[in-house]
Amino acid sequence: MLPACTATLYLGLPELLLQVQLTRHNQGLACLLEAGHRQAERCWVAWCRITQVARLATRWNVHFRGLQRLTVLLELQTDKGPLLHCRERPVPEWTSGDPPAFPELPEHIAAFRRQMSPGPWLDIAALHLPISLDLRQRLLAEDDPNLRALWLRQAERIAPATPICHQN
């Protein structure tokens with residue numbers, strides 16, 4: 001989850017629904033933590049706002065809007081789920097002129113380039129560019145928009161992987 005972006009999660013597990021219910025006491029604010037992280041290492045989380053919750057027949061749709069990146073300093077397991085102590089991640093200044101243009105972006109996404117600051121614009125562009133999952137994870141963890149722009153410029157030259165078909 002990136003700041004300035006939205007996502008929908010489809011939840012069916014009671015433990016996850018309990019976490020969503022707990023956000024009501026915090027004005028709908030929640031942290032999305034990377035799945036499979038190790039407690040011993042520092043990791044990033046996305047500070048988010050839950051904007052809508054809808055019940056379906058077999059699950060719940062939960063809509064999130066990313067607000068900012070945080071670093072987890074301490075994680076404790078409680079009977080109501082994990083309790084996180086986080087720190088706001090610094091946002092370095094943009095120093096590289098105009099944010100780069102990416103011709104393969106849909107027109108309605110590219111239009112935001114001049115309407116937003118470079119950091120959020122690069123986050124939104126990263127979601128719509130054909131880049132590897134590994135690079136996307138590096139972008140999520142990187143605070144410096146100048147470095148994110150450099151990585152996205154390099155990724156622009158990388159063609160998406162061709163799916164491999166195996167015969168059964």
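The values are calculated or read from the model by the stated rules, or taken from the named source; none is laboratory data. Keep in mind that this is a model prediction, so the values were computed, not measured. As a convention, Cβ positions derive from the backbone with ideal geometry for all residues, glycine included, and neighbour counts pool all protein chains shown.
Scanning the stretch 64-71 for residues that are assigned by TED's automatic domain parsing to the domain that holds LEU18, closer than 19 Å to TRP47 by Cα, loosely packed, with under 12 Cβ neighbours inside 10 Å and not charged (D, E, K, R) turns up nothing. Within the stretch 145-166, the residues that satisfy the criterion of being at pLDDT 60 or above and not aromatic (Phe, Trp, Tyr) are PRO145, ASN146, LEU147, ARG148, ALA149, LEU150, LEU152, ARG153, GLN154, ALA155, ALA159.
Quick one: is LEU67 aliphatic (A, V, I, L, M), closer than 24 Å to GLU142 by Cβ and under 19 Å from the mean Cα position of the chain (by Cα)?
Details: aliphatic (A, V, I, L, M): yes; closer than 24 Å to GLU142 by Cβ: yes; under 19 Å from the mean Cα position of the chain (by Cα): yes.
Considered against the rule, which asks whether it is aliphatic (A, V, I, L, M), closer than 24 Å to GLU142 by Cβ and under 19 Å from the mean Cα position of the chain (by Cα), LEU67 comes out as yes.
Inspect the stretch 33-51 for any residue being at pLDDT 85 or above, polar (S, T, N, Q) and farther than 13 Å from LEU11 by Cβ and give the result as yes or no. Yes, the stretch 33-51 has at least one match. Scanning the stretch 86-103 for residues being over 20 Å from the mean Cα position of the chain (by Cα), surrounded by 10 or more Cβ atoms within 10 Å (Cβ to Cβ) and at pLDDT below 85 gives a total of 2.
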